[in-house]
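Chemist: Quick one: the structure is below, questions incoming.
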Amino acid sequence: MPENRVVPENKPDALVVGGGPAGLMAAQQLIEAGYSVVLCDAMPAVGRKLLRAGVGGLNLTHAEPKAEFISRFTGSADVTLWLEDFDAQSMTEWARELGIDTFVGSSGRVFPVQMKASPLLRAWLGQLARAGVEIRTRHRWCGWRQTADGTVHDFETSTGQVQIRARVCVLALGGASWSRLGSDGRWRDVLSAHNVPVTDFMPSNGGVEISWSPWFSEHFAGRPLKTVTLGVAGSKTSCRRGEAVVTTHGMEGGLIYALSASIRESLAKSGVSTLTLDLLPDLSTVQIRQKLNKPQGKMSRSNYLRKRLGLDGVKSALLRELVTGSAEQDVVTMALAAKQLSLRVKGMRPLDEAISTAGGVHGAALNQDLMLNEYPGLFCAGEMLDWDAPTGGYLLTASMASGLRAGRAAAGILGK
């Protein structure tokens with residue numbers, strides 16, 4: 001990186017708004033190109049959502065083949081284009097340059113060896129500070145306006161209004177989930193006032209609402225549902241195998257997140273969505289019948305199913321919760337029902353509970369370099385764009401890829 005450059009008072013070459021992964025990556029590209037950069041964030045510190053994501057082990061990216069990796073993304077923004085410059089391999093190489101070694105987990109997810117976000121963020125911020133990026137916190141962006149001297153961006157601070165004039169600006173303001181960490185979507189009104197098309201926000205990678213009985217909710221909320229197959233009835237999306245978690249209000253977890261887009265689509269069409277659940281994905285119906293050939297004897301039905309099929313705990317309780325009527329009276333019929341249970345989803349959990357959001361600045365509003373078509377020199381990056389992906393490292397990789405693309409393009413404009 002170039003040596004520290006002095007930033008003229010409120011007149012940097014480039015302004016970046018938003019201190020998440022996309023904004024920090026855009027700032028890195030601009031400072032590496034030799035330009036002065038001021039990065040502003042509304043929160044008391046940058047990278048807050050990144051730190052929160054790393055609480056259970058920071059999932060940097062995913063090691064699956066690139067074609068499969070790309071297939072995980074939906075929305076109007078062209079994520080494929082961003083990943084040409086910064087993909088999963090680029091992510092691990094970038095982390096290594098910061099002194100962060102990584103490993104690939106059994107699921108293909110890539111993690112730092114230390115399993116934490118804080119060492120990576122400290123190293124990254126240290127690198128940017130040494131290069132001369134000036135970070136200003138508690139600066140809430142209010143919008144921009146054209147003056148005789150160029151583009152001016154307005155900020156609210158604890159000491160009053162601040163104006164920053166810059167030749168280029170990268171907005172990386174986040175989506176609309178986890179507002180307490182800074183992603184509150186308040187920027188939408190500003191862009192809409194400038195006639196920038198913004199798709200409605202929708203929860204993604206969040207829980208779904210299912211009406212459990214009071215008994216089931218009380219006894220099994222928080223329990224993991226392991227090694228099951230889940231799908232969305234009437235959807236073209238393939239059934240997926242993995243884990244989910246029972247909650248007081250319904251279900252959440254990796255399997256639910258992977259099906260978020262299909263669930264939302266189904267809910268939008270009919271107001272409800274039906275999940276198809278297989279509690280015994282490793283057994284065919286023929287194998288189930290064979291295992292139940294042995295007499296039940298004096299064993300209770302639940303004990304018999306536990307011993308013969310491994311249906312115990314939350315799986316056994318879920319079977320009792322969902323199978324009623326005559327099917328409940330016959331142990332074989334009940335066991336076979338475990339292969340094709342139906343869960344009626346009545347809605348998604350609130351937007352602010354979701355890990356991420358779908359929706360945002362529509363892809364048609366941007367050129368290939370993520371610059372707004374109607375506002376030369378103004379770029380958008382990260383989760384504020386209209387794209388979606390499941391958890392598993394996809395969100396972080398694409399956010400940083402968009403920041404890299406916008407930052408490089410903004411540097412290109414300055415070079416002209």
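The values are calculated or read from the model by the stated rules, or taken from the named source; none is laboratory data. None of the values given here were measured: they were computed from a predicted structure. In this analysis, Cβ positions are derived from the backbone assuming ideal geometry, glycine residues included, and neighbour counts consider all displayed protein chains.
Chemist: If you scan the stretch 376-387, which residues turn out to be over 18 Å from Leu30 (Cβ atoms) and either part of a loop (DSSP other than H, G, I, E, B) or not assigned by TED's automatic domain parsing to the domain that holds Val152 (or both)?
Modeler: Selection gives Asp386, Trp387.
Chemist: If you don't mind, another one. Test Ser316 against the criterion of being outside any strand (DSSP E or B), over 28 Å from Ser262 (Cβ atoms) and at pLDDT below 95, and give yes or no.
Modeler: no
Chemist: Still on this structure, I have one more. Only one of these is assigned by TED's automatic domain parsing to the domain that holds Thr397 and surrounded by 14 or more Cβ atoms within 10 Å (Cβ to Cβ): Phe103, Phe111. Name it. I'd like the intermediate steps shown before the answer.
Modeler: Values: Phe103 fails: surrounded by 14 or more Cβ atoms within 10 Å (Cβ to Cβ).
Sole residue among the options that is assigned by TED's automatic domain parsing to the domain that holds Thr397 and surrounded by 14 or more Cβ atoms within 10 Å (Cβ to Cβ): Phe111.
Chemist: Check the stretch 133-151 and report whether any residue there is on the phi < 0 side of the Ramachandran plot, surrounded by 15 or more Cβ atoms within 10 Å (Cβ to Cβ) and at pLDDT below 95.
Modeler: For the stretch 133-151, residues on the phi < 0 side of the Ramachandran plot, surrounded by 15 or more Cβ atoms within 10 Å (Cβ to Cβ) and at pLDDT below 95: present.
Chemist: OK, next. Please determine, by comparing only the residues of the stretch 328-346 that are in contact (Cβ under 8 Å) with a residue 24 or more places away in the chain and more than 16 Å from Ala233 (Cβ to Cβ), which one is surrounded by the fewest Cβ atoms within 10 Å (Cβ to Cβ).
Modeler: If we filter the stretch 328-346 for residues that are in contact (Cβ under 8 Å) with a residue 24 or more places away in the chain, which is where we start, we get 331-332, 334-336, 338-346.
Of the ones still in play, those that are also more than 16 Å from Ala233 (Cβ to Cβ) are 331-332, 334-336, 338.
Values: Val331: 16, Val332: 13, Met334: 17, Ala335: 25, Leu336: 17, Ala338: 23.
Filtering the stretch 328-346 for residues that are in contact (Cβ under 8 Å) with a residue 24 or more places away in the chain and more than 16 Å from Ala233 (Cβ to Cβ), the one surrounded by the fewest Cβ atoms within 10 Å (Cβ to Cβ) comes out as Val332.
Listed here are the residues, each with its yes/no results for (1) farther than 30 Å from Asp154 by Cβ; (2) under 24 Å from the mean Cα position of the chain (by Cα); (3) part of a strand (DSSP E or B).
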{"position": "Ser183", "(1), (2), (3)": "no, yes, no"}
{"position": "Val190", "(1), (2), (3)": "no, yes, no"}
{"position": "Phe201", "(1), (2), (3)": "no, yes, yes"}
{"position": "Leu230", "(1), (2), (3)": "yes, yes, yes"}
{"position": "Gly234", "(1), (2), (3)": "yes, no, no"}
{"position": "Glu243", "(1), (2), (3)": "yes, yes, yes"}
{"position": "Leu283", "(1), (2), (3)": "yes, no, no"}
{"position": "Gln290", "(1), (2), (3)": "yes, no, no"}
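Chemist: Every residue in the stretch 250-291 that is out of contact with any strand residue (DSSP E or B) (no Cβ under 7 Å at 6 or more places or on another chain), under 17 Å from Asp200 (Cα atoms) and either surrounded by 15 or more Cβ atoms within 10 Å (Cβ to Cβ) or hydrophobic (A, V, I, L, M, F, W, C) (or both), please.
Modeler: Residues satisfying the conditions are Glu265, Ala268.
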